[in-house]
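Beneath this line is the structure, given in structure tokens, with notes to follow.
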Amino acid sequence: MRFSGTLSILLCIILTHIPVQAANIHDIEEPGNEIDRVDNPGTAFSRGQDCRNRNQPEQAFQWFLKAAELGHPESQLIIGECYTWGHGTPKNHDKAFYWLLKAAEQKQMPAYKLVAGCYRYGVGTPINIQKADYWQRKSLQDKKEKIERQTGVQILDTISDEPLMNHYAAAVKGNPIDMDDVAWAFFEGKGVPQDKAQAIAWWTKAAKLGDAQSQYNLGKCYEYGEGAPRNKKEAQRWYAEADKPRNGQPSSYFRQITGNNNPTRGMTPEIKAIYDKAKAGDVEAELKLAFCYYDGDGVARNHDEARQWFALAAEHGNETARRLLPKFQPMRRTYWRVGRNTASRTSKINL
């Protein structure tokens, strides 16, 4: 009995000196506690990226918010977008604007346009057109300076479209496809003040480099007197250049799609008779043929041909043709480019 009691005492002594890790709930690390202890914005941003990569939007938001509160510019932009779209947190336009403005003030370029839009349309802040214009101009100016640094090309101050700046820089460096884009911008007055003479100049540069699309567009300009006096000889010259086989395409590629190779091909006998009268100078036939081309009645629809016959009928004194002619645009952007590889373009532009 004495031995038994002594053993019990020894066991008690040993057990009291063995370290035991208690399963205390307060010892378990909570994410919130960890976030509270982080005071480095770069660390918080990195944790946010990790959570985002693991498809944990709520946790990512909390880490980015911490980084944003510590002054991290990119995180401020991300938090503004999260509040805008409801990523990892409910949508809140007031908070979105607050953080986007913070990011913009720290020179986060993507935030400039977003802040401009908020001011322009009153999203999260009262409408203020003056401030909207300020941030829009700042966005364009910073984009312009960035492209100039990257390319060494001086961008025109009159260009007000960011993608067009890229096209212009590439055009100045000699890319004929971008020259075509710049020419269309000047021709239509989109992203830059309209200047058809400038359009002609850019198309001419690209055409001399062998760009078939620009050669065709230049022919159209001379045919219809757009940006230059009408000159059928020049038009025919550039059409002929565009018509040359290249990149595996057969000869008469452009003529096939415009119908210029054989104007009567595919015409019904009735329309062929109208065509012959129109070619002989019959004003009523010219007007009828214009409608036929416009509606695709008895001949392949071709609005360029329709306009040409409306113009001829108007020139010969037909009042109906004169009234309808202004409704037709002689030049419309098309992509009849031989071998055009859109993947090689510097950037996309919606003109």
| query | In region 78-103, how many are of a type in the set (D, E, K, R) and surrounded by fewer than 17 Cβ atoms within 10 Å (Cβ to Cβ)? | reply | 2
| query | Considering region 54-90 alone, what residues qualify as being among the polar types (S, T, N, Q) and either in contact (Cβ under 8 Å) with a residue 60 or more places away in the chain or assigned to a helix (DSSP H, G or I) (or both)? | reply | Q59, Q62, S75, Q76, T84
| field | Number of the condition not met by E162 [criteria: (1) closer than 30 Å to N40 by Cα; (2) free of Cβ contacts under 8 Å to residues at least 24 places away in the same chain] | value | (1)
| task | Quick one: in region 272-323, of everything that is crowded, with 16+ Cβ neighbours inside 10 Å and not in a helix (DSSP H, G or I), which residue is nearest to the chain's Cα centre (by Cα)? | result | N302
| task | Of the numbered conditions (1) part of a loop (DSSP other than H, G, I, E, B); (2) without any contact (Cβ under 8 Å) to a residue 40 or more places away in the chain; (3) in contact with a Cys (Cβ under 7 Å, 6 or more places away or on another chain), G210 fails exactly one; give the number of that condition. | result | (3)
| query | What is the residue count in region 282-324 for residues that are more than 27 Å from Y216 (Cα to Cα) and touching a residue at least 24 places away in the same chain (Cβ under 8 Å)? | reply | 6
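Values quoted throughout were computed directly from the atomic coordinates according to the rules given, and no laboratory measurement underlies them. Note that this is a predicted model, so its numbers are computed, not measured. Methodologically, a virtual Cβ is constructed for each residue, glycine included, from the backbone with ideal geometry; neighbour enumeration extends over all protein chains shown.
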